[in-house]
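Asker: Have a look at this one.
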Amino acid sequence: MSTLTPTTPLQGGVAVVTGAASGIGEAAAEKLASLGAHVVVLARRADRLRDLVERIAENGGTALALTVADSDPAAVQAAADGVEAELGGVDLLFNNAGVMLPAPIEERAAGQWQRQIDLNVTGLMNVIGAFTPQLVRAGQERGVADLINTSSIAARNIFPNFAVYSGTKAYVTHLSRHLRTELGPKGVRVSAIEPGIVGTELQSHVTDRGAIDWLEDSKESMDWLTPQDVAETIGFLATLPPRVNLQQVTIMPTAQTA
Ligand SMILES: NC(=O)c1ccc[n+]([C@@H]2O[C@H](COP(=O)([O-])OP(=O)(O)OC[C@H]3O[C@@H](n4cnc5c(N)ncnc54)[C@H](OP(=O)(O)O)[C@@H]3O)[C@@H](O)[C@H]2O)c1
């Protein structure tokens with residue numbers, strides 16, 4: 001890290017954000033850029049990433065777009081190699097891409113089960129595998145680095161018909177707790193962020209009628225979180241003193257009860 005100032009505490013650092021084409025990832029990329037990080041944004045939609053990079057530049061930040069499907073390990077490794085070659089490595093990884101496709105288990109929607117497992121578990125691991133060597137180096141050389149994984153309140157709470165999604169997020173939370181003990185002594189803080197309902201594109205992929213109705217009803221009874229609410233929390237985690245590691249952060253709409 002180079003010069004630190006109160007408004008740009010991440011100046012000189014490199015932050016990689018997956019799932020940055022929309023929602024939480026997009027907002028977090030903008031937040032981390034506003035804190036001074038050189039942000040590398042990953043997702044599959046090149047046009048959305050290009051717009052994001054332009055917006056960050058207009059606001060005085062720096063960003064690089066890499067079009068990658070997280071489920072493709074070779075593409076993720078190539079992205080990590082590119083970050084190392086061009087920017088010297090990553091200091092903060094926000095491992096955030098995910099998909100939620102609820103359905104009653106008896107419908108045997110095996111294609112949807114697989115999509116969730118492929119991205120939320122296998123894709124998450126591809127990203128961790130490719131970038132962890134750089135994070136460990138940053139942690140050891142600079143005293144602190146961050147691995148923040150996006151989990152969900154579904155990791156802990158019970159939502160009928162969300163079993164597969166919830167299982168993938170329980171994996172993310174439990175994995176993060178384990179990795180913290182492996183990587184913390186090497187200077188890498190590992191956190192799982194567990195949001196309640198956030199208004200993003202996530203809900204637009206849902207095809208199950210019951211889940212769509214449940215989500216619509218919930219909109220009537222509460223103010224959903226915004227992606228910016230979660231992004232502020234990511235910024236908070238990333239700017240804590242190096243000795244402080246929030247292991248899990250659960251962030252809920254005030255009126256959400258489960
Ligand atoms: N919204 C909520 O209520 C909520 C609550 C708790 C947890 N979460 C979690 O928050 C994370 C972000 O979701 P979001 O709510 O911001 O939803 P979102 O707007 O749908 O964002 C998902 C992101 O993942 C990317 N993505 C999808 N498939 C991908 C793939 N195969 N490879 C690489 N990138 C892929 C998408 O971009 P491309 O399509 O361009 O690839 C997009 O940028 C997810 O892990 C989700 O489970 C969300």
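Every read-out reported here was derived from the displayed coordinates using simple, explicitly stated rules and does not represent laboratory data. Keep in mind that this is a model prediction, so the values were computed, not measured. Here the Cβ positions follow ideal geometry from the backbone for every residue, glycine too, while neighbour counts run over all protein chains shown.
Asker: Compute the distance from the alpha-carbon center of the range 1-72 to that of the range 205-222, in whole Å.
Answerer: 30
Asker: Just going by the charge dipole of the chain, with Lys and Arg at +1 and Asp and Glu at -1 on Cβ, which of 188, 74, 155 is farthest out on the positive end?
Answerer: Toward the positive end, the furthest listed residue is 188.
Asker: Quote the charge dipole size of the range 137-200 about the Cα centre in Debye, to the nearest 20; the model charges only the Cβ of Lys and Arg (+1) and of Asp and Glu (-1).
Answerer: 120
Asker: OK, next. Name the residue from 224, 211, 242 whose Cα lies farthest towards the positive end of the charge dipole of the range 193-258, charges +1 on Cβ of Lys and Arg and -1 on Cβ of Asp and Glu.
Answerer: 242
Asker: Of the listed peptides 71-77, 163-169, what is their order by residue-averaged count of other C-beta atoms within 10 Å, with the highest listed first?
Answerer: Sorting 71-77, 163-169 by mean packing, highest first, produces 163-169, 71-77.
Asker: How big is the Kirkwood radius of the chain, worked out from every pair of different alpha carbons and given in Å to one decimal?
Answerer: In the chain this quantity evaluates to 18.3 Å.
Asker: Can I ask one more? Quick check: pseudo-label points 7 Å beyond the Cα along Cα→Cβ at residue 248 and residue 182, how many nm apart are they?
Answerer: Here the modelled spin labels are 1.9 nm apart.
Asker: Next up: Using the alpha-carbon atoms, what tilt in degrees (0 to 90, nearest 10) does helix 46-58 show relative to the longest principal axis of the chain?
Answerer: The angle comes out at about 50 degrees.
Asker: On to the next question. Where nothing but the Cβ of Lys and Arg (+1) and of Asp and Glu (-1) is charged, how large is the charge dipole of the chain around its Cα centre, in debye to the nearest 20?
Answerer: Taking the Cα centre of the chain as origin, the dipole is about 720 debye.
Asker: Could you tell me what a quarter of the Cα convex hull surface of the range 79-187 works out to, in nm² with one decimal place?
Answerer: 7.1
Asker: Also: How large is the helix-only mean residue ellipticity at 222 nm for the chain, computed as the sum of -39500 (n - 2.57) over DSSP H runs with n ≥ 4, divided by its residue count, in deg cm²/dmol to the nearest 500?
Answerer: -14000 deg cm²/dmol
Asker: Hey, what angle do you get for helix 209-221 against the long axis of the chain, alpha-carbon based, 0 to 90 degrees rounded to 10?
Answerer: Value to nearest ten degrees: 70.
Asker: Which peptide among 241-250, 135-144, 149-158 comes first, and what is the full order, when sorted by highest mean count of other Cβ atoms within 10 Å? Could the numbers behind the result be given before it?
Answerer: Values: 241-250: 13.1, 135-144: 18.0, 149-158: 21.1.
Descending mean neighbour count gives 149-158, 135-144, 241-250.
Asker: May I ask for the angle, rounded to the nearest 10°, between helix 73-87 and the longest principal axis of the chain, with both axes built from Cα atoms and the value confined to 0 to 90°?
Answerer: 30
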